[in-house]
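Only one structure is covered here, and it is reproduced in the block below.
Only the coordinates and a few stated rules stand behind these numbers; no lab work does. As the structure is a computational prediction, the values presented were derived from the model and not from experiment. Cβ sites come from the backbone with ideal geometry, for glycine too, and all protein chains shown count toward neighbours.
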Amino acid sequence: MVTPTLTQTPEDLRPALRRGVRLKCPRCGQGKLFRGYLKVADCCDSCGLDLTPQRADDGPAYIVVLVVAHLIGFSLMPMFSLFGDRPILIGTVLGLATILASLGLLPPVKGAFVALQWVKGMHGFDPARAEAKG
């Protein structure tokens, strides 16, 4: 299946976010977005999009903490009804769930942040600025 290359317009927000969440280039959807666990690649190996202007910083971590804390917080009551009054067991299970959920959510959320920055033309992703460079 050939994925069409997106332009940098607000209408392309959903497809770009979907591609970012799948850890693919927000423009073409083919190249890898990361070269490591959370290290964004310098450029797309498929379409050549320069990814160095991205500035996700702490945004993805804040979103992941917000989501995971709510999920774990809301699971406390079912855990107490499931395991009874065993705080060490509940703490261990919820602690492991917190770690696994956080590690699993960080790359897709960071990919979505990079895609959002690309679509909105934030930082060096601005198409006018890219044309001035080249």
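Brief remarks on what is shown
- Cross-chain or 6+ apart pairs with Cβ under 8 Å, the range 48-77 first and more than 24 Å from Leu94 (Cβ to Cβ), then surrounded by fewer than 12 Cβ atoms within 10 Å (Cβ to Cβ) and of a type outside the set (D, E, K, R): none
- Inside the range 1-20, residues that are under 19 Å from the mean Cα position of the chain (by Cα) and not hydrophobic (A, V, I, L, M, F, W, C) make up a count of 8.
- The single condition among (1) of a type in the set (Gly, Ala, Ser); (2) surrounded by 17 or more Cβ atoms within 10 Å (Cβ to Cβ); (3) assigned to a loop (DSSP other than H, G, I, E, B) that Ala16 does not meet is (3).
- Among the residues examined, Leu23 qualifies as within 16 Å of the chain's Cα centre (by Cα) and either among the polar types (S, T, N, Q) or on the phi > 0 side of the Ramachandran plot (or both).
- Neighbours by Cβ (under 9 Å, 6+ apart or cross-chain): first from the range 14-32, closer than 11 Å to Cys47 by Cβ; second of a type in the set (Asp, Glu) and assigned to a loop (DSSP other than H, G, I, E, B): Cys25/Asp45; Gln30/Asp45; Gly31/Asp45
- Conditions (1) more than 24 Å from Thr7 (Cβ to Cβ); (2) surrounded by fewer than 15 Cβ atoms within 10 Å (Cβ to Cβ): number failed by Asp45: (1)
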